[in-house]
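For reference, the structure is listed below as structure tokens.
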Amino acid sequence: MRPLGGNWVADLTDSYKSPKPMWEYDGKIPYGKRIWAYSYENMVKFEESGRIAYATSGMPSYKRYLDEMPGVPLQNNWDDIKPPSSKERLGYPTQKPISLLERIIRSSSNAGDIVLDPFCGCGTAVHAAEKGGRHWIGIDVTFPAIQVINDRIRHYLPSAQYVVGGIPQTTEDAAALADLDKFQFQFWAVALVGAHSRYGKGGDQGVDGQFFFKMDSKTDGTGIISVKAGKNLNPAMIRELRGTVEREQAEMGVFICLTPPTPQMEREAATAGFFESSQGRHPRIQIKTIDELLSGNGIDCPLLYTTVTMAEAGRRSDKLSQKRPTLPSSELLRQRNLLLPITGKKLPLKTKQSELEFEPLRRAIKGLVA
Ligand SMILES: C[S@@+](CC[C@H](N)C(=O)[O-])C[C@H]1O[C@@H](n2cnc3c(N)ncnc32)[C@H](O)[C@@H]1O
């Protein structure tokens, strides 16, 4: 027999009926307008069979055991589970509450089973499966979803072991993705550096992505991402990024490209100089090729907010960004809420055909299934 978790004791008292029988059990009488619900003889029987538990005040209660409680079978209408609490929310537009997925997984599988969520969004099912000791496969079509799941698992379940397939692993894969769909390439490249796509497809006024970081213990900073998949690069693109950084009052800008930059572009970036944070000096404009990023040569910036820590920071809005009060939680959460253009539109036939030709993705999926 297992004692019930949490509320595992039952009250031994009943409401007062006149005249109040004022007898003590083990030196205690019920509080207020309550009386003992059982006779003294029954109380002694409970005691002898080990069914009495004492609170720190010395007040006795009746011990209940889970095995003795038939419970109520779950009904079709699960209205006891509420939408994700603000503490849980990661800003993903369609996020489900983890308690819902935990219940579904617990009631339909055992530890060690495999849970498959082929439309896993920000990974609530994946999170619940990992917590519940299940193996799991999560599939989602958008890169921002994969980014949130990665951040989520690393943050909440750091010992989880998993592989991410179906996303570019080499510069050739990345070039294939850019040929297939330059917007998806852009989403992927922005997520690759831990930044967040802005305003869905196409970016906004030269801003393809944004990232936030800690300048020091009190102040946050912003970085702007510009992504170029094309082969024709020139210094004007760096000047444009610098202008965008200034316009947005950001601390830094990162230019991500598939093709190596020209020496003139490098010189142009160098003229932007450096900015200081509590963690040192960082170049204000940085150029990174996909090759460099994939080899682990990431951007030089102070401590980056992940999607999870950004959502947390959003909740602490008032304390955030002493430097620019115009960058509070609403902006951080808005970044998350707007990044998914889920339109439900059918893909044009051309894209479907080229998807079939997307060899790296096919290889990765094959690897997963094998
Ligand atoms: C309703 S959401 C899932 C939400 C998820 N349960 C959560 O808690 O975050 C559906 C997801 O399906 C993804 N999706 C849409 N079409 C897809 C496709 N063809 N293949 C894989 N994922 C797709 C979307 O990107 C979206 O994240």
Item to check | Charge tally in the Cβ shell below 12 Å around Leu101, where Lys, Arg are +1 and Asp, Glu are -1, Leu101 excluded | outcome: +1
Checklist entry - How large is ³J(HN,Hα) for each residue in the range 39-44, as worked out from phi by the Karplus curve 6.51 cos²θ - 1.76 cosθ + 1.60 (θ = phi - 60°), to whole Hz, x for Gly and Pro? => result 6, 4, 4, 5, 4, 5
Next on the checklist: Show me the ranking of peptides 47-56, 236-245, 181-190, 293-302 by mean Cβ neighbours inside 10 Å, starting with the highest.
Outcome noted: 181-190, 236-245, 293-302, 47-56
Checklist entry - Taking the Cα-to-Cβ direction at Lys33 and at Asp179 and moving 7 Å from each Cα, how far apart do the two end points lie in nm? => result 8.3
Checklist outcome for this item: Env charge @ Gly230, Cβ radius under 12 Å, K,R +1 / D,E -1, value +2
Checklist entry - Contour minus end-to-end for Val141 and Lys231, with contour as 0.36 nm per residue of separation and end-to-end as the Cα-Cα distance? => result 29.7 nm
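Under 15 Å between C-alpha atoms is the cut-off here; go through the range 9-68 and count lysine pairs that meet it, provided they're at least eight residues apart or on different chains.
4
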Next on the checklist: Using a probe radius of 1.4 Å on heavy atoms only, what accessible surface per residue do you get for the range 9-68? Whole Å² is fine.
Outcome noted: 65
Checklist outcome for this item: Residue-normalised value, i.e. accessible area per residue, for the range 146-217 at 1.4 Å probe, in Å², stands at 42
Next on the checklist: Need the full-extension length gain, Thr259 to Glu47, defined as separation in residues times 0.36 nm minus the C-alpha distance. One decimal, nm.
Outcome noted: 68.3 nm
Item to check | Amide hydrogen neighbours beyond the local backbone of Thr13, cut-off 5 Å, H modeled | outcome: Ala37
Checklist entry - In the structure shown, do any of Lys96/Lys131; Lys214/Lys288; Lys182/Lys228; Lys228/Lys288; Lys182/Lys231 have a Cα-Cα gap over 18 Å, and if so which? => result Lys214/Lys288
Checklist entry - What does the charge add up to near Ile52, with Lys and Arg as +1, Asp and Glu as -1, over the other residues with Cβ less than 15 Å from its Cβ? => result -1
Item to check | the range 207-285: chymotrypsin sites (Phe, Trp or Tyr not before Pro) in DSSP loop, at most 10 other beta carbons within 10 Å | outcome: none
Next on the checklist: Between Gln169 and Gln75, what is the label-point separation in nm under the 7 Å Cα-to-beta-carbon projection?
Outcome noted: 5.0
Checklist entry - Between Asp300 and Phe275, what is the spin-label point distance in nm, taking each point 7 Å from the Cα along the Cα→C-beta axis? => result 1.5
Item to check | Average Cα contact separation per residue, the range 9-68, under 8 Å, 6 or more apart, as relative contact order % | outcome: 39
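Within the accessible area of the range 9-68, what % is carbon and sulfur when the probe is 1.4 Å and the other protein chains stay in place?
On the way: 2050 of 3890 Å².
About 53 percent, which is the carbon plus sulfur part of the accessible surface.
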Checklist entry - Once the Cβ-Cβ distance between Ser217 and Tyr40 is put in as r, and R0 is 51 Å, what FRET efficiency do you end up with, to the nearest 0.05? => result 0.20
Next on the checklist: For Gly253, what residues show an amide H to amide H distance below 5 Å, using hydrogens built from the backbone and excluding near sequence neighbours?
Outcome noted: Ile224, Ile285, Gln286
Next on the checklist: Show me, bin by bin at 5 Å from 0, the whole-percent P(r) of the range 18-86 based on Cα pairs.
Outcome noted: 3, 12, 18, 16, 11, 9, 9, 10, 8, 3, 0
Checklist entry - Could you give the semi-axes, largest first, of the ellipsoid that matches the range 85-166, computed as the square roots of 5 times the alpha carbon gyration tensor eigenvalues and rounded to whole Å? => result 18, 15, 12
Checklist entry - Can you pull the percent of the range 85-166's accessible area that's carbon plus sulfur, 1.4 Å probe, other chains left in place? => result 57
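The values are calculated or read from the model by the stated rules, or taken from the named source; none is laboratory data. Quantities reported herein were computed from a predicted structural model and do not represent experimental measurements. Note: ideal-geometry Cβ built from the backbone for every residue, glycine included; neighbour counts use all protein chains shown. When the accessible area is computed, the model is the full protein with side chains, heavy atoms only, and any ligands, DNA or RNA have been set aside. Shrake-Rupley method; radii C 1.70, N 1.55, O 1.52, S 1.80 Å.
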